[in-house]
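Structure, as structure tokens:
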Amino acid sequence: FAQGPGQWDEADRKKLIDENRPGVLVNNAHKYVRAICGIETNNRMETAFLPRELDSMGEVKANELLSAASQWMEDSCFATRHQSRAFRDATVCGMGWTEAIISYDDDPQGLYDETRIHPCEMVWDREARDQNILDAKRVARVRKMRVADARDIIKGLTDKQFSDFDLDASWASDVTAPANEPRTQEQKELREEHHIDNDPKRTVTIVQVQWWEFEPYYRAANPDAIRNPQAQRVVDMSEDDYKQAQKTYGNLSPNGKWPGTKMRRKVYKQAFLGSVLLHSGDCPCPANFTMNCITWEPNEDGTFSGLIRDIRDPQTWGNKFFAQLMHIVNATAKGGIIAESDSFPDVEEAKRNYARPEGIVVVNPGAIAKGKIMAKPGQGFTSGVLNLIQITDQMFSEVTGINLELMGLANRDQAGVLETQRKQAAMTILATLFDSMAMFRERVGRVRLHY
């Protein structure tokens, strides 16, 4: 919508073309998006790790090292720029996504990489309602790529061989595609029936899913503490390890049962899907999703919306009113006359020369005095259309809360204190969006801490 063409319905656009009327596209919405994104760019936050107890010098130095490492990881992959792109996505459509991974393409020891994900590639838990969907149990990315790229991804995960049909999750190819979306000529040429075997242009759909599930475990007494008093007294055991400890050391307990309590914990998993299961295993980060998002305004149906939803109607109607005003100007512009049939001795010559400023048009005697020639009447501008355009222009600030002072466009004399207060009021309205950004950076920071 921010690019312009989506502001007109196809039926309205066709009607304007048929009637030879102007279809105006004045994009006032974009400057509000740029203003918010500019505030974020000029006030970028940094991820810092802080110790819980400041009196421990060892913890202070350790966290200073972690903060420096996070800064190095951030600089090496331009993470702040990708996060700003995700922030812009959240401003426009309500959700912005990034993925933080360890890439081994440039360094065999691995390098941190954080990239922005297009929001239309993402789907998430339908029951998630929290800010930044913190309560989501699963997230998934549906993306199209060339077969060679898909094979490179799967090859790095498993040694199994898959056919091109196995790699293509055709069942999910339309999950994120808008209905009736027009296709480019290149997309039409890349249709399935036009491909040959092993065609490098062939594309497949890969689904990457991350989810968490509960895993049972036991928090039990450490058997090693029997022989080593310095060993840790309590350890976490899997169910199999606890059963083995029960068989081996259960007779040492007064009640014949090795001390332990059954508990549960979250375990993060990841899978890649085509038409078959391509790979399933642990998530790269065991304590969080590697795909994290920023959200803005929540809706009742579990979706999120951005700034464009609020200013779509003012933008659309502003263009329609302006197009109507231009049509009135074109239709009622001064020009043309109404004349009786005997006003000119040569009517065809009058048609050719009347509109020429240097020409002379000869009329019959008495035609002007008798009022046989008169200009075409026109209504001109109507005050109603002008008022509607003015009201629509004011709606941008009214519905968004972003005033002209925040964008530096207030063309009026006012006290500096008043202007500062108006800027602070506008920033207060945007505080929830920047709070989501801070929460997003905290989650990304936890992933970096693990890496």
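The values are calculated or read from the model by the stated rules, or taken from the named source; none is laboratory data. Quick caveat: nothing in here was measured; it's all calculated off a predicted structure. Note that each Cβ is placed from the backbone with ideal geometry, even for glycine, and that neighbours are counted across all protein chains shown. Quick note on the areas: whole protein, heavy atoms, side chains included, nothing else; ligands and nucleic acids left out. Shrake-Rupley method; radii C 1.70, N 1.55, O 1.52, S 1.80 Å.
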Verdict on ASN20 being open to solvent by 100 Å² or more (accessible area, probe 1.4 Å) and part of a loop (DSSP other than H, G, I, E, B): yes
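Look through LYS266, LYS243, LYS257 and report the one residue that is at pLDDT 85 or above and within 30 Å of GLU127 (Cβ to Cβ). First the steps, then the outcome.
Numbers: LYS243 fails: within 30 Å of GLU127 (Cβ to Cβ); LYS257 fails: within 30 Å of GLU127 (Cβ to Cβ).
That would be LYS266, the only listed residue that is at pLDDT 85 or above and within 30 Å of GLU127 (Cβ to Cβ).
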Any pair with Cβ under 7 angstrom, 6 or more apart, that starts in the stretch 338-355 at a residue that is of a type in the set (Asp, Glu) and ends at one that is surrounded by 13 or more Cβ atoms within 10 Å (Cβ to Cβ): GLU340/LYS372; ASP342/ASN364
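Checking the conditions here, which among ASP159, ASP174 is under 30 Å from ASP240 (Cβ atoms), at pLDDT below 90 and open to solvent by 30 Å² or more (accessible area, probe 1.4 Å)?
Values: ASP174 fails: under 30 Å from ASP240 (Cβ atoms).
So the residue among ASP159, ASP174 that is under 30 Å from ASP240 (Cβ atoms), at pLDDT below 90 and open to solvent by 30 Å² or more (accessible area, probe 1.4 Å) is ASP159.
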Residue within the stretch 46-64 that is touching a Ser or Thr at 6+ places or on another chain (Cβ under 8 Å), open to solvent by 30 Å² or more (accessible area, probe 1.4 Å) and within 30 Å of SER397 (Cα to Cα) present: no
Any pair with Cβ under 7 angstrom, 6 or more apart, that starts in the stretch 427-451 at a residue that is among the basic types (Lys, Arg) and ends at one that is assigned to a helix (DSSP H, G or I): ARG448/SER70; ARG448/MET73
Residue count for the stretch 203-258, restricted to those that are outside any helix (DSSP H, G or I) and either hydrophobic (A, V, I, L, M, F, W, C) or within 53 Å of the chain's Cα centre (by Cα) (or both): 29
Of all residues making up the stretch 400-419, the number that are open to solvent by 70 Å² or more (accessible area, probe 1.4 Å) and assigned to a helix (DSSP H, G or I): 2
Leading residue by the ranking (farthest from ASP313 (Cα to Cα)) among those in the stretch 420-451 that are part of a helix (DSSP H, G or I), open to solvent by less than 20 Å² (accessible area, probe 1.4 Å) and among the aliphatic types (A, V, I, L, M): VAL447
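Okay, residues lined up against (1) assigned to a helix (DSSP H, G or I); (2) among the β-branched types (Val, Ile, Thr):
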site	(1), (2)
LYS14	yes, no
HIS30	yes, no
GLU40	yes, no
THR47	no, yes
ASP55	no, no
LYS61	yes, no
ARG81	yes, no
PHE87	yes, no
THR98	no, yes
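Return the total of residues in the stretch 162-171 being over 28 Å from ASP125 (Cα atoms) and surrounded by 12 or more Cβ atoms within 10 Å (Cβ to Cβ).
Residues of the stretch 162-171 that are over 28 Å from ASP125 (Cα atoms), as a first pass: 162-164.
Those still in the list that are surrounded by 12 or more Cβ atoms within 10 Å (Cβ to Cβ) too: 162, 164.
Matching residues across the stretch 162-171 total 2.
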Yes/no for VAL33 being surrounded by 15 or more Cβ atoms within 10 Å (Cβ to Cβ), touching a helix residue (DSSP H, G or I) at 6+ places or on another chain (Cβ under 6 Å), closer than 17 Å to ASN319 by Cα and touching a residue at least 24 places away in the same chain (Cβ under 8 Å): no
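Of all the residues that make up the stretch 147-156, how many are surrounded by 15 or more Cβ atoms within 10 Å (Cβ to Cβ) and touching a residue at least 24 places away in the same chain (Cβ under 8 Å)? Don't jump to the end; show me each part of the working.
To start, the set of residues in the stretch 147-156 that are surrounded by 15 or more Cβ atoms within 10 Å (Cβ to Cβ) comprises 147, 150-151, 153-154.
Remaining after also requiring touching a residue at least 24 places away in the same chain (Cβ under 8 Å): 147, 150, 153-154.
Within the stretch 147-156, residues that are surrounded by 15 or more Cβ atoms within 10 Å (Cβ to Cβ) and touching a residue at least 24 places away in the same chain (Cβ under 8 Å) number 4.
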Pick from the stretch 130-156, criterion at pLDDT 90 or above and assigned to a loop (DSSP other than H, G, I, E, B), ranking: farthest from LYS266 (Cα to Cα): ASP130
Total residues in the stretch 259-317, condition more than 29 Å from ALA90 (Cα to Cα), assigned to a strand (DSSP E or B) and open to solvent by less than 50 Å² (accessible area, probe 1.4 Å): 4
